[in-house]
Amino acid sequence: MTVGIVRALSTGSTRSLGTLKNLILFDGVCNFCNGWVDTVLRLDPKGKFKFTALQSPTGQQVLQKLGKQHDDLSSVVYVRWLDDAKQEAFFKSDAALKVAEDLGIPSFLVSTVQAGLPLSIRDSVYDTVAENRYNLLGKRDVCRIETSRQFADRFI
């Protein structure tokens, strides 16, 4: 999917987007989702990925640019910049698999999951987990704001 997100982000963010290449939008109050973000942070020592909560002003702008409702918390979203004018957006299981692929998880593992499980089945499993994510690990009272110096520059 090609979208015009750069312009919207550059007007709405307080952080520089000059090096933004890979943006992950996640449910900022979901403990399950925050655990996944922590895992991606640990597996990404070079800082390839940036993060923003779906509930943040930036997250809401991106969702709207992607044709989603600004308050849609139903899916993790991964936006990968191809160049200054073109981006790809991935949702649900595709987003998780593309993040794994871009983290350097061996492509044969990612492609095995993609080939072995049709999108409808992968997204059905994703939806089941997503619908129960607060029951699995609970939720925070407030949206995640990164306070550690180690990762502060990774959050928009």
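The values are calculated or read from the model by the stated rules, or taken from the named source; none is laboratory data. Treat the numbers as computed from the prediction; the structure is a model and nothing was measured. Because the Cβ atoms are built from the backbone with ideal geometry, glycine has one as well, and the counts that use them run over all protein chains shown.
The set of residues in segment 67-88 that are closer than 23 Å to Val129 by Cα and not basic (Lys, Arg) comprises Gln69, His70, Asp71, Asp72, Leu73, Ser74, Ser75, Val76, Val77, Tyr78, Val79.
Matching residues to (1) more than 13 Å from the chain's Cα centre (by Cα); (2) polar (S, T, N, Q):
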{"site": "Leu23", "(1), (2)": "no, no"}
{"site": "Pro45", "(1), (2)": "yes, no"}
{"site": "Lys48", "(1), (2)": "no, no"}
{"site": "Thr58", "(1), (2)": "no, yes"}
{"site": "Gln61", "(1), (2)": "yes, yes"}
{"site": "Ala85", "(1), (2)": "yes, no"}
{"site": "Asp94", "(1), (2)": "no, no"}
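Are any residues in segment 54-94 among the hydrophobic types (A, V, I, L, M, F, W, C) and in contact with a helix residue (DSSP H, G or I) (Cβ under 9 Å, 6 or more places away or on another chain), and if so, which ones?
Passing the criteria: Leu54, Val62, Leu73, Val76, Val77, Val79, Trp81, Ala85, Ala89, Phe90, Phe91.
Per the listing Ser75, Ser56, the residue uniquely of a type in the set (Gly, Ala, Ser), in contact with a Lys or Arg (Cβ under 6 Å, 6 or more places away or on another chain) and either surrounded by 15 or more Cβ atoms within 10 Å (Cβ to Cβ) or touching a residue at least 24 places away in the same chain (Cβ under 8 Å) (or both) is Ser75. Return a yes/no flag: does segment 102-112 have any residue that is in a helix (DSSP H, G or I), modelled with pLDDT under 90, surrounded by fewer than 13 Cβ atoms within 10 Å (Cβ to Cβ) and in contact with a helix residue (DSSP H, G or I) (Cβ under 7 Å, 6 or more places away or on another chain). Within segment 102-112, one or more residues are in a helix (DSSP H, G or I), modelled with pLDDT under 90, surrounded by fewer than 13 Cβ atoms within 10 Å (Cβ to Cβ) and in contact with a helix residue (DSSP H, G or I) (Cβ under 7 Å, 6 or more places away or on another chain).
Residue count for segment 132-148, restricted to those that are in a loop (DSSP other than H, G, I, E, B) and either modelled with pLDDT of 80 or more or surrounded by 11 or more Cβ atoms within 10 Å (Cβ to Cβ) (or both): 6.
When the test is whether a residue is surrounded by 17 or more Cβ atoms within 10 Å (Cβ to Cβ) and either modelled with pLDDT under 85 or among the polar types (S, T, N, Q) (or both), Ser120 does not pass it.
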